[in-house]
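S.K.: Submitted below is the structure of interest, expressed as structure tokens.
The values are calculated or read from the model by the stated rules, or taken from the named source; none is laboratory data. Note that this is a predicted model, so its numbers are computed, not measured. So basically every Cβ, Gly included, is an ideal-geometry build from the backbone, and we count neighbours across all protein chains shown.
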Amino acid sequence: MTTTAETAAPLLQVRNLRKHYTSPKRWLAKAKPPIQAVDGVSFSVARGETLSLVGESGCGKTTTAKSVLRLVEPSAGSVRLEGEELLSLSAEEMRLRRRDLQIIFQDPYASLNPRLTAGDIVAEPLRNFGMGAAAERRERVQWLFSRVGLRPEAAKKFPHEFSGGQRQRLGIARALALNPKLIVCDEPVSALDVSVQAQVVNLLMDLQAELGIAYLFVAHDLAVVRHISHRVAVMYLGHIVEVADRDTLFSAPLHPYTEILLSAVPVPNPRTPARRMLLQGDPPSPANPPSGCRFHTRCPMAQAVCKEQVPELGKRTSSSSGGHWVACHFR
Ligand code: SF4
């Protein structure tokens, strides 16, 4: 049975998404097992909502987000935007659909063409989609600059002349240019100084409130996730193990892995005792994931059944934001 942690009227609906990497077969060499980077992930994102994907490095959160945009081609599953199946679109149809589906990258410098001025970088998507005459495009670029907090004269500068935070603002302006419905934010503040992170996160939240954009937000910094998210999905070794609205997940996590992850978040009040729990061992290889519950090799609550049976992602409580979903035999 495929279960899915859904919202009422999803903008984006992902079902049973898989991305398995197979290595090319060499003559006389034994075939290597595929790397199961993402293995049967289902979730949805509502209009104007922020759903965060969290988990350790290598859990599959970035691969999941890039698969939604088909920057990584999924091996199987379904990705629907406003009901339209994206995985069956031709390359040209997908290019046109990307108007509604944009991305902000982790490293703003690497994602900006160093030979173009900032104004040209932001105008490029408008030109590619034939939006407006040159004067209208200039006007739109000016509006985008002011909306992300860049001065109009910055349009003449090149990416290397900006600070890290300004470059990420430029990346956000470019992502906004076509008025998208959903933006994938791939660790958008993790390369920035802490002092700048809050400014960029608040900018993203202001833009969402003003323009109604949905975000699929990939991050490992749980303090940032707590600030920006409406709902959070926790991933472990290619599976979603828990989904809930932000407040429920942070105040009453159910999955043992989520509990351990959250115990590492600094407590702002020094009088509140920290109850740090440590994850035992390294994550297993996604080329050879453990049987049953993939977390059983590191779970402090594991029992015999955990090695045998895969726990379904099942709804534990209902709420207007989709309910609390967990994949654990004992929670
Ligand atoms: Fe731990 Fe078992 Fe629950 Fe998996 S199913 S999280 S191993 S208790």
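S.K.: Do you know which residues across the stretch 240-254 are surrounded by fewer than 24 Cβ atoms within 10 Å (Cβ to Cβ) and within 14 Å of the ligand (Cβ to nearest atom)?
M.R.: Residues satisfying the conditions are Pro253, Leu254.
S.K.: Does the stretch 294-310 contain at least one residue that is more than 9 Å from the ligand (Cβ to nearest atom), crowded, with 22+ Cβ neighbours inside 10 Å and modelled with pLDDT of 95 or more?
M.R.: Checked the stretch 294-310: no residue is more than 9 Å from the ligand (Cβ to nearest atom), crowded, with 22+ Cβ neighbours inside 10 Å and modelled with pLDDT of 95 or more.
S.K.: Based on this model, can you work out whether Gly322 counts as within 15 Å of the ligand (Cβ to nearest atom) and at pLDDT below 90?
M.R.: Values: within 15 Å of the ligand (Cβ to nearest atom): no; at pLDDT below 90: yes.
It is false that Gly322 is within 15 Å of the ligand (Cβ to nearest atom) and at pLDDT below 90.
S.K.: Please find, among Arg115, Arg137, Arg99, the residue that is part of a helix (DSSP H, G or I) and more than 18 Å from Cys185 (Cβ to Cβ).
M.R.: Arg137
S.K.: Further question: Can you go through Leu216, Leu313, Leu222, Leu262 and tell me which one is touching a strand residue (DSSP E or B) at 6+ places or on another chain (Cβ under 8 Å), within 16 Å of the ligand (Cβ to nearest atom) and in contact (Cβ under 8 Å) with a residue 24 or more places away in the chain?
M.R.: On the way: Leu216 fails: within 16 Å of the ligand (Cβ to nearest atom); Leu222 fails: within 16 Å of the ligand (Cβ to nearest atom); Leu262 fails: touching a strand residue (DSSP E or B) at 6+ places or on another chain (Cβ under 8 Å).
Only one candidate qualifies: Leu313.
S.K.: Touching a strand residue (DSSP E or B) at 6+ places or on another chain (Cβ under 8 Å), over 24 Å from Leu204 (Cα atoms) and surrounded by 21 or more Cβ atoms within 10 Å (Cβ to Cβ): is that true of Leu101 in this structure?
M.R.: On the way: touching a strand residue (DSSP E or B) at 6+ places or on another chain (Cβ under 8 Å): yes; over 24 Å from Leu204 (Cα atoms): no; surrounded by 21 or more Cβ atoms within 10 Å (Cβ to Cβ): yes.
No; evaluated as a whole, the condition is false for this residue.
S.K.: Can you say whether Tyr236 is surrounded by 15 or more Cβ atoms within 10 Å (Cβ to Cβ), within 12 Å of the ligand (Cβ to nearest atom) and either at pLDDT 95 or above or on the phi > 0 side of the Ramachandran plot (or both), as far as the supplied structure shows?
M.R.: yes
S.K.: What's the number of the condition Pro284 fails, among (1) closer than 16 Å to Val54 by Cβ; (2) in contact (Cβ under 8 Å) with a residue 24 or more places away in the chain; (3) within 13 Å of the ligand (Cβ to nearest atom)?
M.R.: (1)
S.K.: In the stretch 51-68, what residues are surrounded by fewer than 24 Cβ atoms within 10 Å (Cβ to Cβ) and either of a type in the set (D, E, K, R) or within 14 Å of Pro284 (Cα to Cα) (or both)?
M.R.: Glu56, Ser57, Gly58, Lys66
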